[in-house]
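Before any comments, here is the structure.
The values are calculated or read from the model by the stated rules, or taken from the named source; none is laboratory data. Bear in mind that the values here come from a model prediction, so they are computed numbers and not experimental data. Cβ: placed from backbone, ideal geometry, glycine included. Neighbour counts: every protein chain shown.
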Amino acid sequence: MPEPMAGSSVSGFVEDSVTKETLIGATVLVKGTKLGAYTNKRGFFSISNVPPGKQTLTVTSIGYEKRELEVIIKEDEPLKLRIQMSMSALSSRDVVVEASRDDEKRQINISKVNVPMEQIQQMRIGGEADIFRALQMLPGVLTSSQISSGLFIRGGSPDQNLVLLDGMTVYNPSHLFGFISAFNTDAVKDVELLKGGFPAEFGGRMSAVLNVTQKDGNRDHVEGLVGLGLISSRASVQGPLGNGSFFLGGRRTYLDLIVGLIPDDPENPLPDFNFYDVNAKITQDLGPNDKLSMSGFLTRDALSYTQQGLDFSIGIGNKAGALQWSHVFGDDLFSIVTFSASTYDNGFDGNNAGFIIDVGNAITDYSAKVNLEWFANDRLTVKTGYEGTLYNFTYEQNFSGSRNPQSSDAVFNLNVWDNIHSVYGSMNYLITDEISFQAGLRGNYWTTSKHVTVDPRLALRVQVTDGIAIKGAWGIFHQYLRLASNPDFTFFDTWLPTDRTVPPGRSDHYVLAVETQPWDGVMFSVDAYYKTLHNINELNQTQTRAREVGSVFYIGAGTAYGVEFFLQQKVGKLTGWVGYALGWVEGRFDSVNFGRPFRPKFDRRHDFKATALYKLNERWDIGATFVFQTGQSYTGATSRYQGTLPGFETGRGIIVPSQRWGLRLPSSHQLNLNVNYNTTLFDLPFTIFLDIYNVYSRRDIWFRFYDLNEQIPEVTDVRLLPILPTISFEIKF
């Protein structure tokens, strides 16, 4: 019998037919076979062992018309393509994406969520679309309050999340002291959230990964956008540049300008506050197989206040830049080399009746990463890489009361350099048509503390029936960076390394999930998780003269476990999702709460969320979000006893605190609505956004404090915002 002819490979890029922006997550299938692939973060795909002869490729991507193209496959002659996709004439929410279950079998994607940018643009607060607000609507993702953008994911604190922007680490991705995120949605192409069990290519954090990709820019023509909202205004421009494209966007608040117009009141002065952020990116093709990208990210928040002898200012900011080179070796090997630098700094400068206080700190990293992706055949994909990061930690403290202090315990300067080296390898193997397996290993070496850690990762997917899949994952995750954050001054975060006085943090993830697609465009999943937390930290607020990391924190352990239900409608005029999470978080510290277990602030038993987006027609869009959550825990007071200090005739008494985080606020719930009207202004696309925050004006409790000046101490509830309607505008050119 004659031997069957050898197959060949088909590889290339999938891009937008107009802007030439590469598309992430597009599906490319060989019709009539089980062969297929999906595009990576650079829009690249590779399919091995395609039979010779005439073949039809089917290409789909959310928001684009399905495309079929015929190709001729020649024996042992790789075929390279650049496939262009046309956006649907309808809204992307009306496009049914025929995702192949054969291709999905190759992607385990446990606890992974991609929220389309169109849906993110619909979730606004104060007229601002916000990535973190959209992610907070997912089950298992919590916040400290309704006006916070911090992400507490499956029992992990925000510092346990790895936040990446084009490969750059972002240490404080928020503005307005956590009210909104620092990511301008106009500049973002893709948002990927890994809530747990993430693969070996990611490391350095214990909880989750948020991987954000910026837009490259329009390669065909220049276009721009200007938006005016309640909180800030924004503008962006993009277009062709040389053999590639550019993107430049920025936002700025005008709260300080408004305050400047208000007459001064020496008795009750208003604080002067402003923030801004800038996103920039240049992409150039160096040849058919090489692309170079340069990305930049800059944010700044500044607050100043002056009143009769009291004068203080606060500054917070991020600066980051990255150079990325992607290269295609042949038809089945793809590489990305990234050089990046990122700095987060904050500072407090105060003068109270001549007594000077200065505090400032910063973390800077310089990183080099090499990532290789090998599409070995139609069943095996291998990833490997190296990451080296040099850190600089600085901290300056002056509590002496003088601008030029003498050496004392009130003056402290820290300048520490450290670096970490990591290598990883992982494989994704399709064992049978129904079973896929992922195994990975990551090794880390921290030079100063001499810690060596090994992080194994495993994941499995079994296609039980054509519409039901069971997934499981296990992994070990280490973290070397620690965040010292005083709950009374959450704006002042200090990042510290792990030194010889404390071991690195560690978390073990166990995840089991069931996923089904009952019909096209609808997905339902149930995720159960269990996490053990070791060597986690709680700030020691009684320590004022710490000279080593072990003195700054209490070190303890904890657990987090729960189950999440998620129902998502992806297509049609009505899209959105409903999610519910039932979860428990527990901490245990020998020096906290007398060693007894406690439920931390982000322990919320019940978490129900729903979001709906409805497209009436080409002009009108309506959206709504609803949240119900168990109240957060807090440390309150149980009683007070009267006492006086020696030499004083009277005293205010002493509050007897409750068990640490031993009390709980009432449950909270909120409904938000938004309406978009699309029209034209001077023949340019123009959109009016009407948002109603907290529709039925339920003012949930933010926090409680106790007034000791009264004979019977009064408890005061500080409540969140009432109903807040806002209007904003956007024009494109």
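General remarks:
- Just one of the listed residues (ASN184, ASN161) is among the polar types (S, T, N, Q), at pLDDT 90 or above, buried (at least 21 other Cβ atoms within 10 Å of the Cβ) and within 11 Å of the chain's Cα centre (by Cα), namely ASN161.
- Residue in region 384-424 that is surrounded by the fewest Cβ atoms within 10 Å (Cβ to Cβ), counting only those that are modelled with pLDDT under 85, hydrophobic (A, V, I, L, M, F, W, C) and part of a strand (DSSP E or B): LEU414
- Taking region 1-91 as the region of interest, the strands (runs of 3 or more DSSP E) fully inside it that hold 3 or more residues being charged (D, E, K, R) are 67-73.
- Matching entry among PRO685, PRO713 (being modelled with pLDDT of 90 or more and over 19 Å from ARG124 (Cα atoms)): PRO685
- Candidates THR498, THR432, THR448, THR465 - the one that is assigned to a loop (DSSP other than H, G, I, E, B) and buried (at least 21 other Cβ atoms within 10 Å of the Cβ): THR498
- Scanning region 689-710 for residues that are out of contact with any strand residue (DSSP E or B) (no Cβ under 8 Å at 6 or more places or on another chain) and at pLDDT 80 or above turns up just one, SER697.
- For region 660-695, a residue qualifies if it is crowded, with 17+ Cβ neighbours inside 10 Å and at positive phi, and the qualifying residues are TRP661, ASN694.
- Residue count for region 314-364, restricted to those that are closer than 19 Å to ASP493 by Cβ and in contact (Cβ under 8 Å) with a residue 60 or more places away in the chain: 11
- Residues within region 32-63 that are farther than 18 Å from SER86 by Cα and small (Gly, Ala, Ser), tallied: 6
- One residue stands out in region 296-327 among those that are among the aliphatic types (A, V, I, L, M) and surrounded by 18 or more Cβ atoms within 10 Å (Cβ to Cβ): the one that is nearest to GLY249 (Cα to Cα), namely ALA320.
- Of all residues making up region 220-243, the number that are of a type in the set (Gly, Ala, Ser) and touching a Leu at 6+ places or on another chain (Cβ under 8 Å): 2
- Those residues of region 611-636 which are in contact with a Gly (Cβ under 7 Å, 6 or more places away or on another chain), in contact (Cβ under 8 Å) with a residue 60 or more places away in the chain and of a type in the set (A, V, I, L, M), in sequence order: LEU613
- In this structure, ALA362 does not qualify as closer than 30 Å to GLN308 by Cβ and either within 28 Å of the chain's Cα centre (by Cα) or surrounded by fewer than 18 Cβ atoms within 10 Å (Cβ to Cβ) (or both).
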